[in-house]
1. Taking the beta-carbon count within 10 Å as an exposure proxy, list A:E17, A:E35 from fewest neighbours to most.
2. Can you give me the orientation-averaged projected area of the convex hull built on the Cα atoms of the stretch A:267-403, in nm²?
3. So if I place +1 on the C-beta of Lys and Arg and -1 on the C-beta of Asp and Glu, and nothing else carries charge, what would the dipole magnitude of the stretch A:408-559 be about its Cα centre? I want it in debye, nearest 20.
4. Suppose each label sits 7 Å from its Cα in the direction of the beta carbon; what would the A:L434-A:I150 distance come out to in nanometres?
5. Can you sort A:H41, A:H489 by how many other beta carbons sit within 10 Å, fewest first?
6. For chain A, what is the per residue volume of the convex hull drawn over the alpha-carbon atoms, in cubic angstrom?
7. Here are some pairs, A:K282/A:K507; A:K133/A:K234; A:K118/A:K256; A:K161/A:K272; which of them have Cα atoms lying more than 25 Å apart in this structure?
8. Calculate the FRET efficiency for A:S467 and A:A87 from the Cβ-Cβ distance with a Förster distance of 60 Å, rounded to the nearest 0.05.
Amino acid sequence: MKESAESLNFIEHIIEEDLTNGFPSEKLRFRFPPEPNGYLHIGHAASICLNFGLGEKYNAPVNLRFDDTNPAKEEQEYVDAIKRDIAWLGFKWANECYSSDYFQQLYDWAVMLIKEGKAYVDQQTSEQIAEQKGTPSTSGTPSPFRERPIDENLELFEKMKKGEFPAGSYLLRAKIDMASPNMHMRDPILYRIINAAHHRTGTNWCIYPMYDWAHGESDYIEQVSHSFCTLEFKAHRELYDWYLDQVYDSNLLRPKQREFARRNLSYTVMSKRKLLELVQNKVVVGWDDPRMPTISGLRRRGYTSRSIRKFSDLAGIAKRDNVTDVSLLEFCIREDLNKTATRVMAVLNPVKLVITNFPEGKVEILEMENNPEQPDSGTHEVPFSRELYIEREDFKEDGGKNFFRLSLGNEVRLKSAYFIKGESVVKDDVGNILEIHCTYDPDSRSGSGSEASQRKVKGTLHWVSISHAIKAEVREYDRLFLEEAPDSHEEKNFMEFLNPNSLTIIKEAYLEPFLADAILDDKYQFQRLGYFTLDQDSTKSNLVFNKTVGLKDTWAKQNTEVQVQSQPKPQAPAQPQGQRKALNEIQQISKKITNLSGEKLETALNSIREYAEDVTFEELEPLFGTAAKKTGTRIGVILTLNVMLKNGQAKNQAVIDFIQSCLTDENDILRSEAEKLA
RNA sequence: UGACCGAUGGUGUAACUGGCAACACGUCUGAUUUUGGUUCAGAAGAGUCCAGGUUCGAGCCCUGGUCGGUCAACCA
């Protein structure tokens with residue numbers, strides 16, 4: 001029912017089409033096939049949500065299959081972590097499978113291939129084989145062992161299996177087509193010898209199947225109907241199908257591979273190899289460092305599984321390259337935590353506030369609501385006394401018009417407590433503020449219902465009572481990289497873009513005493529600051545909180561904008577001339593030109609004139625015929641023409657006709673430019 | 001230089017067999033608010049890479065181009 005109005009992604013279209021073509025829906029079956037060589041990241045979450053989401057939508061089983069065909073890279077630790085992460089995301093797999101469970105079947109099929117003359121044992125070096133492979137534009141040459149007799153192949157393959165050869169000395173290859181335009185079809189390797197203990201099969205095997213040989217056949221064995229993978233496997237599809245053809249029995253279901261684009265996130269990297277590099281170089285503390293885009297990192301940071309699933313849902317799935325802005329992820333976690341996190345008060349950068357007319361030694365216990373978004377979430381108690389901490393940023397001696405917080409002579413509310421008025425400051429020799437003195441209005445207690453408690457003020461501050469506050473360490477995180485797409489630069493390594501300030505540790509933050517009982521996985525909103533959760537490093541005596549994400553902060557934004565404006569603007573990077581033809585740039589700019597006005601319009605016109613210097617008449621001439629309704633393009637053309645004629649280009653009949661047609665156009669720019677030339 | 005894939009606001013995705021380009025994030029207003037949060041109301045922002053063609057009508061179909069990506073590991 002909820003689906004009725006929803007639009008489908010292209011994967012769902014494929015399935016719907018199969019269904020309407022008669023594919024029985026009860027045979028739908030999917031799989032998520034990670035290699036256990038690293039931790040899952042938010043990109044995998046897209047694939048997990050896709051496959052398991054499909055399973056939920058079509059009520060079909062989804063297998064978790066570990067693609068464990070390379071014992072040199074894979075470890076049990078990763079298997080465990082992957083299972084933990086998927087379970088945490090809230091998905092249930094139908095079967096826990098391993099490619100290694102199929103080693104015998106795969107071996108038997110390989111023997112069959114040899115017997116049919118479709119596979120042979122090669123004994124060349126990897127260099128020789130690479131050499132013979134050719135290039136994408138030139139065909140390969142056959143191996144000298146390609147025509148080895150079947151009996152000999154059988155015998156050698158048997159010996160490979162028995163461990164009679166050293167690693168790297170022999171291979172089993174499929175005999176397909178060394179001239180195929182698809183490199184993967186040029187006699188791909190089926191088996192290689194690896195002398196390493198496998199995390200499940202131990203030393204039972206010393207020959208291991210390659211990905212292509214194992215993957216499609218595993219799908220087939222499990223009777224997976226739709227096998228979804230990322231775009232870089234598109235070229236493998238032909239081989240996937242070829243391998244399937246060799247073993248396919250028409251009574252059984254034939255799996256179908258389709259590809260989608262991997263999900264990239266801005267300001268981070270998203271490949272296991274690069275994430276491993278961050279871990280190994282100790283840029284981060286581990287795979288679950290809260291700055292990592294791994295599922296475990298996000299979890300430790302305080303993200304909920306709900307928010308990650310929501311993110312995958314909103315980001316969608318398609319076939320084009322993408323870099324999704326982290327702001328979408330942040331939106332998802334804020335939206336979730338806003339409804340669920342308990343509101344508390346904590347002061348991260350304290351300054352002492354003394355309420356001069358509040359009795360010394362007196363303590364009041366105030367009630368504070370746990371979550372205003374959920375009226376039935378109850379309240380908790382907060383002690384209030386004469387000496388408090390407030391944030392240093394919440395006070396300015398002379399705030400000015402747009403400063404809603406505490407300043408001298410001004411009144412603000414202390415959250416859930418009283419109204420106070422700034423009276424004076426105590427400073428040290430060099431002018432640092434040591435204490436702020438204020439007075440409070442005893443009639444204004446929050447919730448008392450008194451008239452005084454209902455006054456309207458612009459500012460409300462959070463606070464903690466100094467004598468009751470508990471200390472804690474707070475870790476704040478910023479993006480790991482300073483560049484939006486750190487791994488998209490050919491000439492630079494992604495490590496060069498690391499943000500040196502991605503972690504800020506506040507050793508002594510002051511929290512309201514309620515937080516002493518916080519436990520792992522509790523989610524809190526430190527009011528006016530952001531969402532926080534306990535880190536796994538936390539102990540009862542030494543609390544450690546992670547900042548998950550800040551609150552939206554229009555005040556901070558205003559402030560930084562002022563700062564940015566007062567600094568000289570960095571010049572726009574030099575035009576990447578030659579990257580794209582000048583004429584193309586002109587077309588790109590000019591199509592939008594009718595939407596512009598004022599300064600922006602001028603800038604656009606000028607940059608067209610600049611590009612025009614690099615356009616030849618031969619390039620421009622075809623555009624004289626541009627349809628009359630495409631005013632923008634025509635403006636670009638006439639501007640370019642203007643520059644050309646100025647540079648000595650002679651007019652021909654086409655030019656004259658074009659100028660004529662512009663003279664009668666409705667658009668003012670077009671007309672006036674044409675008049676200059678008439 | 002080959003083969004394959006892709007191109008829709010700043011970002012990510014929609015638009016079922018052609019029919020006024022939609023949604024979300026982000027941005028900007030205003031209102032509300034005991035969080036400069038939330039919520040609510042609204043706005044700006046895309047002539048769908050370019051040029052032709054077919055059509056009454058093209059983001060979608062056809063032709064030609066441009067740009068970007070992928071493919072030549074005994075990795076997956």
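Just so it is clear, none of the values below were taken in a lab; they were calculated from the coordinates. What you see is a predicted model; the values in this text were computed from it and never measured. No Cβ is skipped: glycine too gets one built from the backbone with ideal geometry, and neighbour counts run over all protein chains shown.
1. Details: A:E17 10, A:E35 17.
Final ranking by Cβ density, sparse to dense: A:E17, A:E35.
2. Orientation-averaged projected area of the Cα hull: 13.9 nm².
3. Rounded to the nearest 20 debye, it is 780 debye.
4. 9.8 nm
5. On the way: A:H41 25, A:H489 12.
The order, fewest Cβ neighbours first, is A:H489, A:H41.
6. Normalising the Cα hull of chain A by residue number yields 259 Å³.
7. On the way: A:K282/A:K507 21 Å; A:K133/A:K234 19 Å; A:K118/A:K256 23 Å; A:K161/A:K272 31 Å.
Violating the 25 Å Cα-Cα cut-off are A:K161/A:K272.
8. Numbers: r = 44 Å, r/R0 = 0.74.
Step by step, r from the Cβ atoms, then E = 0.85.
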